[in-house]
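Structure first, then comments.
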Amino acid sequence: MYAKIALGNVRKSFRDFSVFFLTLAFGVCVFYAFGSITDQAAVIQMGEDQRRMVQALTDILSGLSVFVVVILGFLVVYANRFLIRRRKREFGIYLTLGMDVRHVSLIVVIETLAVGVVALVAGLVLGLGLSQVMMYLTAHMFEATISGFVFAFSPSACANTVACFAGIFLVTLVFNVTTVSRYRLIDLINADKVSEKVKLRSLPLSVVLFVVSVILIGVAYATLLEHGMMEEGPYFAVATGLVTVGTLLYFFSISGFLLRLVQTSRKVYLSGLNMFVMRQLNSRINTAWLSISLVCAMLFVAICGVCTGFSVATGMNEALVAGTRYDMSLVSYPTGMIGEHATDGPAAADNYDAIARLRADIPAYDELFRDAVQVDTYDRDASGQPLVEQTVEWFTENTSYDGNATVTQMMTGNSETLVTLVRVSDYNALCAMIGEKGVDLGDDGCVWWSDMSSLNDFWRAAAEQNPELTVQGRTLRFVDEAVVNAPLSDTAAGGTVSGALIVPDDVVPEGIGPSMTAVNLMYNGERAEVEGRATAAIDAAYGDIMGQGETIDAWPVWNPVSAQGLLDQSSGTTVVVTYLAIYIGFMLLVSCATVLALQQLSEAADNVSRYRVLAELGAERSLIDRALLVQVGVYFLFPLVVAVAHAAVALSVVNDIVALLTGYQIGTALVGTVCFVVVLYGGYFLVTYLTSRSMVARSGGGAPSRA
């Protein structure tokens, strides 16, 4: 009998609890799909490096899944409090008809198991479908292949999903039973007539706490913007603590004076059903301030996570386009390698021809490569003294720069770095190879070279405020184009030259060895066709030397980097970052929207009698619908607006870091994140409003609109 009652309740109330059911099903779906990535990758023809990237992704997701399950479990249990509240009167009727608490609890157990099992099965079915899509998407992102049609099922991911969500359902079941057993009959019967008590009544205290919260949040914003995330010290931790406390106080205090603030304008307060709406919002925010604060925090993490993830992935791809202008780059650091013997051997010889050495060591050189340019950088003279007296620290201290804190921190971190010199002929030859314009320095000109675009403004400011430099007894002046940006070599990062000085060739002393030598090569044919043969030729000529780390007699010891190799590595990193962003953002955003939706559905169910009274008093249906729309809208927008404000400040700092590392701005990713939030969060808002309106309409809470 009890099972029949429970299953009947589930059938009758399924439409009202559709948001809860769908969220659990989607949670299972996504949890399984991302947990099965290892088994998906097993059927994809990948290289060894790509498989290592997939394994790294799996390890990261395993750790994140624990966090996601804990958060999702907490939110589900919290949301159940509102679902149980809606049914207080129903439970009271059961007790009045002669059931004891054990039987009522048994009904709740059966209902929870029924909803949980159906949601789990539906989620696993959806997860199987999503995992197949992800398998082919992963293959596409890795530019790998799948032989024929393959259906991949992951027993381990299925078992983990069932175990995790069974644990969530068990905790939910225990919570429901405990909650029901504590209710008194009189409270259950009169549940729909009792409003939750307002805990914060003191208007002066509310105003003081609100002002304090705004001050704390403002100080946190200022601290983060001034010091960024990379500066040594407690600044980031202090900013995080202040904004956390400030957010809690903000939601805790605002309901204490929000109603009275609106009451000061009688025109607004007495217009339409604003009086009813404001009192409902005031009561709800006052009693649910903690959950709203938690939702705000989760929204903040979701927005920042998705935006940062997409921007990093996109930025890496953009950086590769700018950073792989050459088919292959060979880099060596002869001075650093030979240490105190910097003036001995071929490594120290002025104008050492590394390209001629490559021709001699690689028999098929002319067949493989059609063009090559050698670039040498110099930082010390024959006696070991710096070629440029001023260091990066000197320019940092003598340049007034109003840019972001991240760039300032980076330049300060490089304070002991010597300023290196590059011959203008080397730079112009490099530009000619990639079809860019070189520079004309004349007899006494100079220019800063930085292939990290985020540092351009700093070096321009340094050139404007320090227009003359004395280098090796020569006074040099910066030309009009004070900063140039051609890439030094192939790189997966945002650049390799944070600031070098391009000077006339005769400024560099004769007879000194380079601190770094880069040889950039262009293939004699299509990159995909020549890549394998060129890599094999370099390995055959220098593989043993590079592996043994030989010193002066074996110089150069090359560090070879190919554009195709960088692209292959980047595809794996892009997959990892993109999947993490989607996984974290989806789970957090859906969880937050679910909590708010369930709270509002519960609120609408509790207030159907009040809406009925409004209709009986003559309120038109359009007014009631508008009041319901405002109530649900404000409740959804309130934490979102605060979260967006927090995210705007945090992302401005994150943007500086991403731009510094990749040269990419997060604007495009921000647009994608907004669309992601609008679709998911806005979809939940729309479903919540329509379901609440239907619930009120079925109860008779709404007279027809008058003509």
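The values are calculated or read from the model by the stated rules, or taken from the named source; none is laboratory data. The structure displayed is predicted, hence computed values, not measured ones. We place every Cβ from the backbone using ideal geometry, glycine too, and count neighbours over all the protein chains shown. In case anyone asks, the SASA skips ligands and DNA or RNA and just uses the protein heavy atoms, side chains included. Shrake-Rupley method; radii C 1.70, N 1.55, O 1.52, S 1.80 Å.
Couple of notes before you dig in:
- From phi via Karplus (6.51, -1.76, 1.60), per-residue ³J(HN,Hα) for segment 392-397 in Hz, x at Gly/Pro: 4, 4, 4, 5, 5, 6
- For the peptides 300-306, 485-491, 162-168, 376-382, the ranking by mean Cβ contacts within 10 Å, running from highest to lowest, is 300-306, 485-491, 376-382, 162-168.
- Cβ-derived FRET efficiency at R0 45 Å, V211 paired with R477, nearest 0.05: 0.25
- Per residue, segment 431-538 exposes an accessible area of 40 Å² to a 1.4 Å probe, with every protein chain left in place.
- Computed E for A3/V101 - FRET, C-beta separation, R0 22 angstrom, nearest 0.05: 0.80
- Per-residue ³J(HN,Hα) for segment 113-126, Karplus 6.51 cos²θ - 1.76 cosθ + 1.60, θ = phi - 60°, Hz, x for Gly and Pro: 5, 5, 5, x, 5, 4, 5, 5, 5, 4, x, 5, 5, 5
- Note on S156 and A114: the model spin-label points, each 7 Å out from Cα along the C-beta direction, lie 3.8 nm apart.
- Extending 7 Å from the Cα toward the beta-carbon at both L617 and E526 defines two label points whose distance is 7.7 nm.
- Annotation: amide H-H contacts under 5 Å for T420 (H modelled 1.01 Å from N, sequence separation of 5 or more, or interchain): L501.
- Extending 7 Å from the Cα toward the beta-carbon at both L64 and A645 defines two label points whose distance is 2.9 nm.
- Only protein atoms count toward the accessible area here, which uses a 1.4 Å probe; on segment 556-655, the carbon and sulfur part of that area reaches 69 percent.
- For V687 and A356, the difference between the fully extended length at 0.36 nm per residue and the C-alpha to C-alpha distance is 112.1 nm.
- Loop-resident trypsin sites (Lys or Arg not before Pro) (DSSP state other than H, G, I, E or B) in segment 411-471 with no more than 15 further Cβ atoms inside 10 Å of their Cβ: K437.
- Accessible surface, per residue, of segment 607-650 when the full set of protein chains is kept, probe 1.4 Å, Å²: 40
- Extension gain, S271 to N398: 0.36 nm times the residue separation minus the Cα-Cα distance gives 39.5 nm.
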